[in-house]
Each structure stands twice: as C-alpha cells, then as structure tokens.
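Note sheet for the following structure.
The values are calculated or read from the model by the stated rules, or taken from the named source; none is laboratory data. In this text the structure is predicted, and so the values were computed from the model without any measurement. We place every Cβ from the backbone using ideal geometry, glycine too, and count neighbours over all the protein chains shown.
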Amino acid sequence: MLTLPDFNITNKWILDQRGTKNAVDPNKPYAFLVEKERQANGKIEDVTTIFLTNKECPFRCLMCDLWKNTTDDTIDVGAIPKQIEFALKNLPSTKHIKLYNSGNFFDSTAIPLKDHNAIASLLHGFETVLVENHPKLTDRRILEFRDKLNTDLQLAIGLETTHPEVLPKLNKQMSLMDFSKSVNMLKTHDILCRAFILLRPPFLSEEEGVEWAKKSIDFAFDCGVECCAVIPTRSGNGALNILETNGLFHSPNLASLEHVQEYGISLDKGRVFADLWDLEHFSECTDCLDQRKVRMDEMNLKQEILDPIFCSCSD
Ligand code: SF4
Ligand SMILES: [Zn+2]
C-alpha cells in the first residue's frame, strides 16, 4: 500500500481540491437514458436511468465526482417529480427504472420527503425501481417508500472497498459493519441490494487493486447482496488528481477490469457488472478497445465468460 505521511484527508482538504460545478437546472434531470441490463430473473430488458438534479451529497468521499452536477441548496418540493415526468415523457417506456441522484435517495435534503408520494405515483407500473443510498441512511423511510411504490424496490449501496486501511481513507464515514447491517436489514424486508465496488481506489498498486476488488465482491455476496457493479476508479474530482500527481493514485487498466469481471461472474453468486462508461480512459490500445468493450458488454448481459480478445498489446 502506498502512503505519504503528510496527507491528512479531511472534508476540508477534499473540498479545497474541487473545481467548479457544471450549470444544472433544478427542473430537469442532468441526464437520462435507456439501456439494456440483465435482470435478477435472468431476462435482458431495457432499463431507464434518470440522473436527478438535486442538492449535493453531505458525505465527502475522496473519490467522488458526483457533486459536479448538483445544486448547493435543497431544491423546491415538486421539482424532483417534475424532473422524472420530463425524462419519462422523452424516453420510450420500460419495465425497470433507476433513479440516481448523485447522492442518497433517502437524504431528505436532496430528495424532499414531501415528494415521496408524487414520486411513487409516477413510478407506478414499473416492475423494479432502483435507488442509491448510504448505509448510514438505511432506516424505516425505505420501507415506507417501498410501500408507497407497491413494486419491487432495489437499493444500490457503495461498498467501495473492504481494504481495512483504504476504506477509512475514502472518508465514506462507513464501516464494513454498517454495510453488512444495511444489507441484512433490507434483505429481511425482501429488498434486493447491489454493491458498488471500486477497482483500484487510491493508495493501491494495480495488483492490490485487483486483489481487493475481488475480496470486496466476495464480502458483498457474503453479506447478501444480489448484484455487484465494479467501477474502475477515475481521477477528475480534484482530490484524486492531487493524489495522482503525488504517486498515490493511478487509474486501473482495462485488463484488470476484464479480470475482475471474469472473477465475479465465475463465482455464480449473483449478477456482476463491469462499469463500461468512459472505458477509453483505462486503455492504452486503440486497436482492441472496441472489441474489448463489446465483449465486456456482452458478458454483463449474459453473465458468462466469453473468449478473450487477443491483441499485440497484451501478448
Ligand atoms: S456517499 Fe456517494 S454520492 Fe456521497 S460523496 Fe460518497 S460516493 Fe459521493
Ligand atoms: Zn490492444
């Protein structure tokens, strides 16, 4: 593990490294799309994802760049339902929906509680609804929202890493026990959980990054999650750029993501997805990038290990 004694990672230090936010409109989601995803029942179906615009997350995780598309203040009651309506009007209809809010759905400074009824009404008819949340915000409000929805609510929770020294440095304000208790509570109430796992967070070498991503997948499944999504760690949020300059962070390479995806799928314990967004950032070879992307995408959908791609870059 790589360390430098003079890096004291605090909320203030992380905030001080930030650049400026993007301009966002509180009445519009900052993005929305439909893409195919394999469901827990094995079917490959279209899923709507809406990236809601709301107040930034009160946690200050070291690797997070989601604050870039947020507001400084809580937005008006009624704005989140308006955003959902807007996206749904502009997208084909699907059976599944994810609401990603650059933070935690059950943070009432981001998604006002007064909006829960209207949001639930807009989502009637979807077979599954996925929202993201922090373990420290796992409480009865989740069950109350699920009852309002009257459909299959699923939760995505950032586990990030089980590395005992790196997790506290990520400033996530969460222990492995917090994660495990949340998943357990949600499972008791038949709410499926998906874990977000970082591939090569700061302070780890490439090999350690792979090893701990695999250990983190093992831990997440042992806790009872139904799905793991592996996210290669990217710089660009300010704090990671500084760590990168000081040799404490380096993005993982594409081969590591392929390896961890294969490992996770081979366990056959639940769905394992590799996050393929901005994949070119992790590849140094333009000859095989497209083929590798197609293979990994197909592996996400089929949950099978496909034949590897051969290229001179990996000989
Ligand atoms: S809890 Fe999630 S959204 Fe909030 S700072 Fe951490 S990673 Fe970002
Ligand atoms: Zn290549």
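Observations, loosely collected:
- Here the condition is being under 19 Å from Ile231 (Cβ atoms) and over 18 Å from the mean Cα position of the chain (by Cα); of Arg271, Arg295, it holds for Arg295 alone.
- Residues of region 280-315 classified as over 19 Å from Asp46 (Cα atoms), more than 13 Å from ligand 2 (Cβ to nearest atom) and in contact with a strand residue (DSSP E or B) (Cβ under 9 Å, 6 or more places away or on another chain), total: 1
- For region 113-130, the count of residues that are within 16 Å of ligand 1 (Cβ to nearest atom) and either farther than 23 Å from Glu35 by Cβ or in contact (Cβ under 8 Å) with a residue 12 or more places away in the chain (or both) is at least one.
- Close Cβ contacts (under 8 Å, 6 or more residues apart or on different chains) running from residues in region 301-315 that are closer than 15 Å to Ser283 by Cβ to residues that are more than 12 Å from ligand 2 (Cβ to nearest atom) and of a type in the set (Val, Ile, Thr) are absent.
- Checking each residue in region 256-284 for being buried (at least 18 other Cβ atoms within 10 Å of the Cβ) and either among the aromatic types (Phe, Trp, Tyr) or assigned to a strand (DSSP E or B) (or both) picks out Arg271, Val272, Phe273, Ala274, Phe282.
- Test: residue in region 252-263 that is away from ligand 2 (no atom under 16 Å from the Cβ) and polar (S, T, N, Q): yes
- Options Ala220, Ala213: the member that is within 16 Å of the chain's Cα centre (by Cα), part of a helix (DSSP H, G or I) and closer than 16 Å to His250 by Cα: Ala213
- Here is the figure for region 223-255: residues that are within 22 Å of Phe273 (Cα to Cα), of a type in the set (Gly, Ala, Ser) and in a loop (DSSP other than H, G, I, E, B) total 3.
- Residues of region 243-266 that turn out to be of a type in the set (A, V, I, L, M, F, W, C) and over 25 Å from Phe310 (Cβ atoms), as a count: 3
- Scanning region 7-48 for residues that are closer than 30 Å to Phe249 by Cα and either within 12 Å of ligand 1 (Cβ to nearest atom) or hydroxyl-bearing (Ser, Thr, Tyr) (or both) yields Thr10, Asn11, Ile14, Leu15, Arg18, Thr20, Tyr30.
- Selection of helices (runs of 4 or more DSSP H) fully inside region 63-178 by the criterion of at least 3 residues being over 28 Å from Val272 (Cβ atoms) returns 79-89, 116-123, 140-149.
- Residues (more than 16 Å from ligand 1 (Cβ to nearest atom), farther than 21 Å from Asp218 by Cα and out of contact with any helix residue (DSSP H, G or I) (no Cβ under 8 Å at 6 or more places or on another chain)) located in region 251-285: Asp278, His281
- Restricting region 90-135 to residues that are over 30 Å from Met63 (Cβ atoms) and touching a Gly at 6+ places or on another chain (Cβ under 9 Å) leaves a set whose member that is nearest to ligand 2 (Cβ to nearest atom) is Lys95.
- So Lys95, is it modelled with pLDDT of 95 or more, away from ligand 1 (no atom under 16 Å from the Cβ) and within 20 Å of the chain's Cα centre (by Cα): no
- Selection within region 179-190 - in contact (Cβ under 8 Å) with a residue 24 or more places away in the chain and outside any helix (DSSP H, G or I): His189
- Within the span defined as region 289-299, every residue fails to be surrounded by 14 or more Cβ atoms within 10 Å (Cβ to Cβ) and in a loop (DSSP other than H, G, I, E, B).
- Scan region 254-301 for residues that are among the polar types (S, T, N, Q) and over 21 Å from Gly209 (Cα atoms) and the total you get is 2.
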